[in-house]
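Undergrad: Here you go, one structure.
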């Protein structure tokens, strides 16, 4: 499953010309799902990122400002391009374009904005973020051009990013990535996609202080190949150095906790849980399969912690068995699954 989603150009390039503002709809299968709340929370997060945006309620049949007989309606009928009303602190405007829809007319009027965020309109061809809630619609409908999901029930097979209701900052990052706002250029194009490099291409630890504390989880696996005799000694507990898997389990936990000290740009983390599993396999190749699951409520993911835990467990098995089997091979250490964060739920197709 790829959590990256479609490229912005898939939606925002029309006839070779990218038209501002970018229009993204927040939609759901039915009301009371949380569309307005999601918009209400993501708007200030986008504003912090320097996004100039407008928010609209979409796909309405009418609203009071344009009802026949209302003053604003009469002004429009008289030929005003835009009509509306103003109070001491607010203004409301209405307008139309007989050759286009109301949304298209609004987008044209707001052409100097970065983003037009619209609540509603499931049938639009514009990109959509679908809101799902377990008590109402636990499975997404995945309308055409859905680019992401937001909700409290994120166990789906959808091949798009998934965000919990608590991951508003990550959702804002995702939406901001679709805008036509260029990041500062770096000296080498090879650095463009690497967040561990600063604008001058120098190594840095990524600043996660602006991210929300959310539940993160990662599961990694690996294996160590060995002779049948070595595997038998491990299973029977007859290795001279002691219980191999018990010691390897402790090593995995220690590796998880020490990742921030071992990996240069990894953050020191307050891990909330570590689970380690070992599976001895006799056929077709004698080996011990290793799995490490790490959980954390924090501002950054725990993929490196899970991978480090697997690596330290495998190295410990090698160390305890090398006296009888120096031909052991550590291999296939990989991330199997991760949950939480901006990229949502990732699961390797072949674990």
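Undergrad: Of the residues 31, 45, only one is part of a loop (DSSP other than H, G, I, E, B) and at pLDDT 65 or above; which?
TA: Numbers: 45 fails: part of a loop (DSSP other than H, G, I, E, B).
Just one listed residue meets the conditions, 31.
Undergrad: Pairs please, first residue from region 120-137 and closer than 19 Å to residue 163 by Cβ, second anywhere and at pLDDT below 85 and outside any loop (DSSP other than H, G, I, E, B), Cβ atoms under 6 Å, 6+ apart in sequence or on different chains.
TA: Pairs found: 127/11.
Undergrad: Look through region 258-279, keep the residues that are under 16 Å from residue 293 (Cβ atoms) and in contact (Cβ under 8 Å) with a residue 24 or more places away in the chain, and return whichever of them is surrounded by the fewest Cβ atoms within 10 Å (Cβ to Cβ). Walk me through it before giving the result.
TA: Within region 258-279, the first condition is being under 16 Å from residue 293 (Cβ atoms), and the residues that meet it are 259, 269, 271-279.
The next check asks that each one be in contact (Cβ under 8 Å) with a residue 24 or more places away in the chain; those that pass are 259, 269, 271-272, 274, 276, 278.
Working: 259: 25, 269: 20, 271: 19, 272: 14, 274: 21, 276: 21, 278: 18.
Of everything passing the filter in region 258-279, 272 is surrounded by the fewest Cβ atoms within 10 Å (Cβ to Cβ).
Undergrad: Can you go through 292, 288 and tell me which one is farther than 29 Å from residue 214 by Cα, touching a strand residue (DSSP E or B) at 6+ places or on another chain (Cβ under 6 Å) and modelled with pLDDT of 95 or more?
TA: Working: 292 fails: farther than 29 Å from residue 214 by Cα.
From the options 292, 288, the qualifying one is 288.
Undergrad: Return the residue satisfying two criteria in turn: it lies in region 1-28 and is within 25 Å of residue 159 (Cα to Cα) and assigned to a loop (DSSP other than H, G, I, E, B), and of such residues it is modelled with the lowest pLDDT. Walk me through how you get there before you give the answer.
TA: Taking region 1-28 first, the residues within 25 Å of residue 159 (Cα to Cα) are 1-14, 22-28.
With the extra rule that they be assigned to a loop (DSSP other than H, G, I, E, B), the set shrinks to 1-8.
Numbers: 1: 31, 2: 36, 3: 44, 4: 46, 5: 46, 6: 46, 7: 46, 8: 43.
It comes out as 1.
Undergrad: Out of everything in region 253-272 that is touching a strand residue (DSSP E or B) at 6+ places or on another chain (Cβ under 6 Å) and not in a loop (DSSP other than H, G, I, E, B), what residue ends up being farthest from residue 316 (Cα to Cα)?
TA: 256
Undergrad: Here's another thing I want to ask about it. Those residues that are crowded, with 22+ Cβ neighbours inside 10 Å and in a loop (DSSP other than H, G, I, E, B), I need them from region 109-139; list them, please.
TA: If the condition is that a residue be crowded, with 22+ Cβ neighbours inside 10 Å and in a loop (DSSP other than H, G, I, E, B), then 127 is the only one that fits.
Undergrad: Would you call residue 276 in a strand (DSSP E or B), in contact with a helix residue (DSSP H, G or I) (Cβ under 6 Å, 6 or more places away or on another chain), over 19 Å from residue 237 (Cβ atoms) and modelled with pLDDT of 95 or more?
TA: For residue 276, the condition - in a strand (DSSP E or B), in contact with a helix residue (DSSP H, G or I) (Cβ under 6 Å, 6 or more places away or on another chain), over 19 Å from residue 237 (Cβ atoms) and modelled with pLDDT of 95 or more - is not met.
Undergrad: Test of understanding: among 251, 148, 172, which residue is within 23 Å of residue 307 (Cβ to Cβ) and either surrounded by fewer than 14 Cβ atoms within 10 Å (Cβ to Cβ) or at pLDDT 60 or above (or both)? Spell out how you get there, then give the answer.
TA: On the way: 148 fails: within 23 Å of residue 307 (Cβ to Cβ); 172 fails: within 23 Å of residue 307 (Cβ to Cβ).
Answer to the selection: 251.
The values are calculated or read from the model by the stated rules, or taken from the named source; none is laboratory data. As the structure is a computational prediction, the values presented were derived from the model and not from experiment. Positions of Cβ are backbone-derived with ideal geometry, glycine not excepted, and every protein chain shown enters the neighbour counts.
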